[in-house]
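Each remark here refers to the structure printed beneath this line.
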Amino acid sequence: MGAGAMIGQDGTSIERFAGVVALPSRSRSAYDLSMSLLLSLIVSAALSALAMIAIVGTRYLLVSGAFAAATRWRHPGLYAGLDKQIVREIRWSLASAAIYGLPAGVIAWGWRYHGWTAIYSDLSAWPLWYWPLSIFLYLFAHDSWFYWTHRWMHGPRLFKLAHAVHHASRPPTAWAAMAFHPIEALTGAIVIPLLVFLIPIHVGALAVVLSVMTVMGVTNHMGWEIFPRFIWAGPLGDWLITATHHQRHHVEYRGNYGLYFRIWDRLCGTDRGLGDFDAVRPGGRAAIGGDAGPAGRGAAAAGGHDRQRADGLA
């Protein structure tokens, strides 16, 4: 026993009395070093997560704010009377930013310092033709995940528990892009972090994926169509999703579950066609136009039950 150890009246060391086995000085030094390294790793990963949360939150505020400003310039009065709704959308979205940023920050730290993930920075590591292909693979995988989880969220129990938070925005605004209940935010936050372990992607291509995800998330909800008519009403619009397609989902509360592509909606018979922003009335009510026809108007009426369930979250 070391000279500095405290001895009880019966000769038992205080350390043993406390249930701690006294370690030799060399072993204790190794143990202290290991604990110090572990603490350093935890702090480093936590700081990376906090930084990513700040980045995701700031990106949301800047992008949604820019498109909201464009909306006020392009369509004055479109958001009139929606101030309280917008505050609620921002509050839910910033909470979602924390949920999205946490796993992303930890994985970014692991990639930077420990080589985690299949992200690569050397363009020569994979053929150049794979660069755009990897972007499509990520967008298709994300769209597939979104379609099925989104459709799942429209089940009666999950809608009432979580997804009604998003649909309480009637009509949605540019600030509603990330206005999710934490349960729904979690389903969205894990998909890209999982993909970076499964599908190789260049860091620049990943930036493109995240940019597309951000821009489409905002523009699909801002209440008007930003893309030229030849994109959403032409052959491309048969397969790509823009605000005109997603607007109908927010009117009918069913169908049009995709995010980027109409592939799954078409395969599964849930594609309801395009909506019509000109038919939207104050308060989020709309008469479906575009290619909807009488069937679309009937479907809009059928969506009333889900709208009533969302009323309490408005």
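The value for the range 146-289 of Rg(Cα) / (2.2 N^0.38 Å) is 1.05.
For SER64, SER40, write out the residues from largest to smallest accessible area, computed with a 1.4 angstrom probe and no ligands counted. Walk me through the numbers on the way to the answer.
Numbers: SER64 0, SER40 65 Å².
So the residues, ranked largest to smallest area, are SER40, SER64.
Sorted largest first by accessible area at a 1.4 angstrom probe radius, with every protein chain in place, the residues ARG170, ARG248 fall in the order ARG170, ARG248. Each peptide in 45-51, 33-39 was scored by the mean count of other Cβ atoms within 10 Å over its residues; highest first, the order is 45-51, 33-39.
Tell me, what is the FRET efficiency for TRP148 and TYR31 to the nearest 0.05, using R0 = 41 angstrom and their Cβ-Cβ distance as r? Mind showing how you got there, number by number?
Numbers: r = 48 Å, r/R0 = 1.17.
According to the calculation, E is roughly 0.30.
Positive-end ranking of PRO132, SER40, PRO103 along the dipole of the range 38-140, with charges on Cβ about the Cα centre, is headed by PRO103. Amide hydrogen proximity for ILE119: with H placed 1.01 Å from N in the peptide plane, the residues at 5 or more positions away or on another chain lying under 5 Å are ILE201. Residues of the range 95-118 with an amide N closer than 20 Å to a point placed 7 Å from the Cα of LEU38 along the Cα-to-Cβ direction: 110, 114. Sticking with the crude label model, points 7 Å out along Cα→Cβ, report the distance from PHE197 to LEU62 in nm, one decimal please. Going from the PHE197 label point to the LEU62 one covers 3.0 nm. Ranked by solvent-accessible area (1.4 Å probe, protein heavy atoms only, all chains present), the residues VAL203, VAL63, VAL251 order from largest to smallest as VAL203, VAL63, VAL251.
Annotation for PHE230 and ARG157: the two label points, set 7 Å from Cα along the Cα-Cβ direction, are 5.0 nm apart. Taking only the C-alpha atoms of the range 107-219, the Rg (one decimal) and the largest Cα-Cα distance, Dmax (whole number), read 16.2, 49 Å. For the range 143-265, a simple Cβ point-charge model (Lys and Arg +1, Asp and Glu -1, everything else neutral) yields a dipole of about 280 debye relative to the Cα centre.
The values are calculated or read from the model by the stated rules, or taken from the named source; none is laboratory data. Worth saying up front: this structure is predicted, and the values here are computed from it rather than measured. Here the Cβ is made from the backbone with ideal geometry for all residues, glycine too, and neighbour counts use every protein chain on show. What goes into the accessible areas is simple: the full protein's heavy atoms, side chains included, and nothing from ligands, DNA or RNA. Shrake-Rupley method; radii C 1.70, N 1.55, O 1.52, S 1.80 Å.
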